[in-house]
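Visitor: Structure incoming, see below.
The values are calculated or read from the model by the stated rules, or taken from the named source; none is laboratory data. Computed from a prediction, not measured in an experiment: that's the story for all the values here. Virtual Cβ from ideal backbone geometry, glycine too; neighbours counted across all protein chains shown. Keep in mind that these areas ignore ligands, DNA and RNA; they rest on the heavy atoms of the full protein, side chains included. Shrake-Rupley method; radii C 1.70, N 1.55, O 1.52, S 1.80 Å.
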Amino acid sequence: MLEGIKGVSTYAANVDNAFLIVTLITLFLFIVTIGSMLYFVYRYRSSKNAPEETKNIKHYTPIEIAWTVIPTILMMIVFYFGLESLRVQRTMPNDTESTIVKVLAQRWSWQFEYANGKKTNELTIPVNTKIKLLMTAPKDDVLHSFFVPAFRAKEDIVPGQITKLWFNVDTKGRYDIQCAEYCGTRHSFMRSFVNAVSKEEFNDFLNPPKKEEQKSGLDLINENGCTGCHSLDGVRLVGPTFKDTYNKEVVIIENGVKKTIKKDENYLKNSILKPKSQVVDTYPNIMPSFEGRLEDKDLEIILNFLKGEKEKKEPEASGLEIIQNNGCTGCHSLDGIRVVGPTFKGIYNRDTSILRDGKKLNIKANEKYLINSIINPKEDVVETYPNIMPPFKDILKEEEVKAIIKYFKGLK
Ligand code: HEC
Ligand code: HEC
Ligand SMILES: [Cu+2]
């Protein structure tokens, strides 16, 4: 809760000093004025002083000078510390010696883009590095303000212009970002975080180390020597071919007894782990057991391969990530709540009323409609909602829109 009380940027101390000095001067003036007022109220109270005893002083030069000169000096002190901390804050470091991050503020979300094009909705930065933010908002958006209390850093963001801010953070941590310029209904939700991490962690974040590639079924079959005895193309080698093997009928010899069975998953698994227990008729009983030689997950991949299943490839980024990184959740909820736009929960194939060319239509939110609602939202506007959704035509790639739709389908 008290996050942000302690300043963590290199210039936080300048700002805190300026603040402290203003506070001390204010306190001093408060004591001088209120103190003397209280003293006079007491000293010249009516019960002890007849009115005529009070002198009517018209002019007293020394005090006139004192209360002109002293406040002037105090103001100069405030000015000096204010200017000094402002100068540090507003002197931008060179591009070459700083890490540049582009910031896009839009109703009601933040997007951060790093030098290599990676985009996120929380800002991740290395510590002890000068960070320079180039900030903007879409032309048809409104004013926002980037504010990180713990850095003592705040700067307005103006649609269609680029404003700059820099800081150098010396302590790792997670710090609040809050939009500090009232920007409409969801202004108070326009928040995010800065994650200040070590330089190594930042590099890993920018270029995530590749996970060890999962071997494909074919690789595993080759590596384990299966193809020395089994063909993939239907030819009979030492053992039966793997081609279309799944769910076919086969005659086996089990405990000396011949039977016909279906090659289901259990049978295939058993044939690999305990090949001697069920031997395919007309074949020699020479297959080695792979029990203990194959990891469970590799065995599963081989079984999937034998079953003819396509290997699942992870999509580049999930629909949910794309939605979060593009600020959709600033206006759309995932849990059924009406925010600025309709909730995404249950959106796929939902009945909805839209206005198209001013005419009301009742439609089903099918794939085509949803894609169009994302890339070209002005065409069909959902009834009772404002027509403020920005078009994502040039922002999202086709695969990204597809990933979003796929995510919608699962969001029942
Ligand atoms: C030394 C040769 C050899 C190697 C190596 C070998 N197999 Fe076999 N395999 C056979 C023979 C021979 C049979 C048929 C006799 C039997 O059922 O044991 C067979 C049967 C099978 C069957 C049942 C086939 C059917 O049509 O019913 C499966 C499944 C199988 N092998 C998978 C594998 C896998 C997977 C590997 C590698 C991890 C492998 N085999 C390695 C020789 C081999
Ligand atoms: C500034 C707020 C805002 C942002 C940001 C925003 N939307 Fe919208 N969206 C709306 C509003 C308001 C509507 C309803 C009016 C309309 O159809 O244009 C809407 C409508 C939609 C619809 C049609 C909904 C329905 O029930 O038929 C879809 C789909 C949609 N948005 C997806 C997205 C996606 C995906 C993103 C992010 C890439 C996004 N929106 C970003 C405000 C926003
Ligand atoms: Cu804002």
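Visitor: Restricting to the range 246-275, and then to whatever is among the β-branched types (Val, Ile, Thr) and either more than 46 Å from the chain's Cα centre (by Cα) or open to solvent by 60 Å² or more (accessible area, probe 1.4 Å) (or both), can you tell me which residue is farthest from Leu306 (Cα to Cα)?
Guide: Restricting to residues being among the β-branched types (Val, Ile, Thr) and either more than 46 Å from the chain's Cα centre (by Cα) or open to solvent by 60 Å² or more (accessible area, probe 1.4 Å) (or both), the top hit is Val257.
Visitor: Can you go through Ser333, Ser353 and tell me which one is among the hydroxyl-bearing types (Ser, Thr, Tyr) and more than 10 Å from ligand 2 (Cβ to nearest atom)?
Guide: Unique residue meeting the criteria: Ser333.
Visitor: When the residues of the range 312-324 are filtered to those that are open to solvent by 30 Å² or more (accessible area, probe 1.4 Å) and at pLDDT 65 or above, which remaining residue is nearest to Phe112 (Cα to Cα)?
Guide: Gln324
Visitor: State whether the residues of the range 290-310 include one that is near ligand 1 (Cβ under 6 Å from one of its atoms) and farther than 17 Å from Thr245 by Cα.
Guide: Yes: one or more hits.
Visitor: A further question follows. Which residue pairs have Cβ atoms closer than 6 Å, lie 6 or more positions apart in sequence or on different chains, and pair a first residue in the range 386-400 that is within 15 Å of Ile371 (Cβ to Cβ) with a second residue that is open to solvent by less than 80 Å² (accessible area, probe 1.4 Å) and within 6 Å of ligand 2 (Cβ to nearest atom)?
Guide: Pairs that qualify, where the first residue is within 15 Å of Ile371 (Cβ to Cβ) and the partner is open to solvent by less than 80 Å² (accessible area, probe 1.4 Å) and within 6 Å of ligand 2 (Cβ to nearest atom), are Met389/Pro377; Pro391/Pro377; Phe392/Ile374.
Visitor: Next question. Within the bounds of the range 254-266, is there any residue that is aliphatic (A, V, I, L, M), out of contact with any Gly (no Cβ under 9 Å at 6 or more places or on another chain) and either away from ligand 3 (no atom under 16 Å from the Cβ) or more than 30 Å from Glu122 (Cα to Cα) (or both)?
Guide: Yes, the range 254-266 has at least one match.
Visitor: How many residues does the range 132-151 contain that are open to solvent by 40 Å² or more (accessible area, probe 1.4 Å) and either away from ligand 3 (no atom under 15 Å from the Cβ) or closer than 19 Å to Gln89 by Cβ (or both)?
Guide: 4
Visitor: Same structure, new question: Out of everything in the range 153-192 that is among the hydrophobic types (A, V, I, L, M, F, W, C) and in a strand (DSSP E or B), what residue ends up being most open to solvent (accessible area, probe 1.4 Å)?
Guide: Trp166
A quick yes/no check of all residues on (1) of a type outside the set (Lys, Arg); (2) outside any helix (DSSP H, G or I):
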{"position": "Asn222", "(1), (2)": "yes, no"}
{"position": "Lys243", "(1), (2)": "no, yes"}
{"position": "Tyr246", "(1), (2)": "yes, yes"}
{"position": "Lys258", "(1), (2)": "no, yes"}
{"position": "Tyr267", "(1), (2)": "yes, no"}
{"position": "Asn270", "(1), (2)": "yes, no"}
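Visitor: Output yes when any residue across the range 33-48 is modelled with pLDDT under 90, of a type in the set (Phe, Trp, Tyr) and either away from ligand 2 (no atom under 16 Å from the Cβ) or in contact with a Cys (Cβ under 6 Å, 6 or more places away or on another chain) (or both), and no when none is.
Guide: yes
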